[in-house]
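Since every read-out is calculated from the coordinates, none of them should be taken as a lab result. Computed from a prediction, not measured in an experiment: that's the story for all the values here. Note: ideal-geometry Cβ built from the backbone for every residue, glycine included; neighbour counts use all protein chains shown.
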Amino acid sequence: MFLNAKKYGMIPYVIPFVLYLLFSQVAARYHDLYPWLYIATAVMVSGATIYLLSGRYIYRAHKDLMPGILFGIVGIVLWIVLSRTHFTETVVSSLPVWLRPEPRQGFNPFESISSPLLLWAFLLVRSLSLVLLVPVVEELFWRGFLLRWVISANWEEQPLGIFTLRSFLWVVLLFTLAHPEWLAAAVYCALMNILLYWKKDLWLCIVAHSTSNLLLVMYILMTGSWELW
């Protein structure tokens, strides 16, 4: 359930997402320092997120998790399967270079980190970040804020989960462009939007996203599919 009794402005919805996006992109550009920079990013963004959400009843955690878990499982299965197709490569090959998405760094910590302590610290922080931090940060932005802001500048007046075709398409488009796996991202975003339209519950979207990322972390560690990391 979304608690809309108070208005908090866009800051708690947008700032954590912007911070994570900005600093994780900077970290990815420095391969040798990436583990340290990512750990610093996760700690900083976690602190900022906790601070900005403290005392703000933006969503309510509850125990009715099954819809979110099921959507999360279906979503990540589709993401992994669709990421294995060559759809994105086929589409972007005809685009100008500046329009093509940058591939994921594909950072393999077992090859790139020599210190056992740093290796396991990075794996722990990276995994916890993907499972606990990223779902909150992204769902607050994409479905808590942007899905309503596209409808109206007075976005806080819009009920959570209200459907318009324009907002649905814009959010799917922008989410897709923010990920290198275009087809997988488009399908996943549409699925999360549908969950929100159905349940009107931002918490379930967070649960779904967290479930997906947990399964993705397990899949990557078991198969070595670092291109999805």
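Reported count of residues in region 40-98, each being over 30 Å from residue 7 (Cβ atoms), among the aromatic types (Phe, Trp, Tyr) and surrounded by fewer than 16 Cβ atoms within 10 Å (Cβ to Cβ), is 2. Residues of region 5-25 that are outside any helix (DSSP H, G or I) and hydroxyl-bearing (Ser, Thr, Tyr): 8 alone.
Only residues that are in contact with a Ser or Thr (Cβ under 7 Å, 6 or more places away or on another chain) and of a type in the set (Asp, Glu): list them for region 137-183, please. Passing the criteria: only 181.
So, of the residues in region 151-166 that are aliphatic (A, V, I, L, M) and surrounded by 11 or more Cβ atoms within 10 Å (Cβ to Cβ), which turns out to be nearest to the chain's Cα centre (by Cα)? It comes out as 160.
Of the numbered conditions (1) in contact with an Asp or Glu (Cβ under 9 Å, 6 or more places away or on another chain); (2) more than 27 Å from residue 16 (Cα to Cα); (3) not acidic (Asp, Glu), residue 60 satisfies every one except a single condition; which is it? Among (1) in contact with an Asp or Glu (Cβ under 9 Å, 6 or more places away or on another chain); (2) more than 27 Å from residue 16 (Cα to Cα); (3) not acidic (Asp, Glu), the lone unmet condition for residue 60 is (2).
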